[in-house]
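Presented below is the structure to which this report refers.
The values are calculated or read from the model by the stated rules, or taken from the named source; none is laboratory data. Everything quoted here is computed from the prediction, not taken from an experiment. Note that each Cβ is placed from the backbone with ideal geometry, even for glycine, and that neighbours are counted across all protein chains shown. For accessibility, only protein heavy atoms count, side chains too; no ligands or nucleic acids. Shrake-Rupley method; radii C 1.70, N 1.55, O 1.52, S 1.80 Å.
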Amino acid sequence: MQIGSCIFTLIPISEFFNDITVLEFNDVCIEELEKWKNTHDDTFDWSHTFKFIAELEGKGEEWKTRQETLKTSIKRILKCDLTKENLTDPVTLPKVDCIFLGWLLESICKDRDDFFRSLKKISMWLKPGGHLILLVVLNASFVTIGEHRFHLLNLDEEFIRKALRDTGYVIETIEMVERKSKHEAISYDHQALLTAVMQ
């Protein structure tokens, strides 16, 4: 689950999973992802991202194969609504081995209680022993897209750790990356990448 129709976070995931469900909250993002997956003429060209990642890994010539692998691995692109009992109604999804949340809950949750409720709902999909990969910005307040400024929920490491523990996770790893760019379009001080196991 992620915000927007970006696919770069899914590239490394497709190296390990060949049955990926992408959940989106916005119909336009779903439409854009469907167009990319089906190689529609009027779609955003992500080839530069595949080339960049392949070059970083020393496998520059394999970028086209990785792009097709990801397209094949994405089996479903579904609408998600956190206000519903079944978040993907009318589709019922089975429990899964891994959930990736990328810059999501801090973007859509009103407060920390809302964050915790949403995390618990999403975590119901995870099998016991399954993994959560959480990418989150810390001490954030806003992001600007075009002329519009959007709220980001202010979270800190202590709260994230407690929310995961209280939801039934054991944290395996946490990596903090300090913000280097001082661009005025977004306000935060760290990104955190966490992996946790559902008990």
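Regarding the stretch 24-31, can at least one residue be identified that is among the charged types (D, E, K, R) and more than 22 Å from Ile108 (Cβ to Cβ)? Within the stretch 24-31, not a single residue is among the charged types (D, E, K, R) and more than 22 Å from Ile108 (Cβ to Cβ). Close contacts from the stretch 142-167, counting a first residue that is basic (Lys, Arg) and a second that is modelled with pLDDT under 95 and open to solvent by less than 80 Å² (accessible area, probe 1.4 Å), with Cβ to Cβ under 6 Å and a gap of 6+ residues or different chains, come to Arg149/Phe142. Looking only at residues of the stretch 38-70 that are more than 20 Å from Asn18 (Cβ to Cβ), acidic (Asp, Glu) and assigned to a helix (DSSP H, G or I), we find that the one that is modelled with the highest pLDDT is Glu55.
Please determine, by comparing only the residues of the stretch 74-88 that are in contact (Cβ under 8 Å) with a residue 60 or more places away in the chain and in contact with a strand residue (DSSP E or B) (Cβ under 6 Å, 6 or more places away or on another chain), which one is surrounded by the fewest Cβ atoms within 10 Å (Cβ to Cβ). Write out each step before concluding.
Step one: list which residues in the stretch 74-88 are in contact (Cβ under 8 Å) with a residue 60 or more places away in the chain, which gives 74, 80, 87-88.
With in contact with a strand residue (DSSP E or B) (Cβ under 6 Å, 6 or more places away or on another chain) added as a condition, the list becomes 74, 80, 88.
Details: Ile74: 21, Cys80: 20, Thr88: 16.
Residue satisfying both the conditions and the ranking: Thr88.
Among the residues of the stretch 170-197, the ones that are open to solvent by 40 Å² or more (accessible area, probe 1.4 Å) and assigned to a strand (DSSP E or B) come to 13 in all.
Any residue at all in the stretch 97-117 that is in contact (Cβ under 8 Å) with a residue 40 or more places away in the chain, aromatic (Phe, Trp, Tyr) and over 23 Å from Thr21 (Cα atoms)? Looking for residues that are in contact (Cβ under 8 Å) with a residue 40 or more places away in the chain, aromatic (Phe, Trp, Tyr) and over 23 Å from Thr21 (Cα atoms), one finds none in the stretch 97-117, hence no. Taken over the stretch 1-29, residues that are assigned to a loop (DSSP other than H, G, I, E, B) and among the charged types (D, E, K, R) amount to 2. Would you be able to say whether some residue in the stretch 145-167 is open to solvent by less than 80 Å² (accessible area, probe 1.4 Å) and in a strand (DSSP E or B)? For the stretch 145-167, residues open to solvent by less than 80 Å² (accessible area, probe 1.4 Å) and in a strand (DSSP E or B): absent.
For the stretch 16-65, how many residues meet the condition of being open to solvent by 60 Å² or more (accessible area, probe 1.4 Å), of a type in the set (Lys, Arg) and touching a residue at least 12 places away in the same chain (Cβ under 8 Å)? So the answer is 2.
Here the condition is being among the small types (Gly, Ala, Ser) and without any contact (Cβ under 8 Å) to a residue 24 or more places away in the chain; of Ser123, Ser181, it holds for Ser181 alone.
Considering Lys127, Lys121, the condition of being within 15 Å of Leu164 (Cβ to Cβ) and of a type in the set (D, E, K, R) is satisfied by Lys121 alone.
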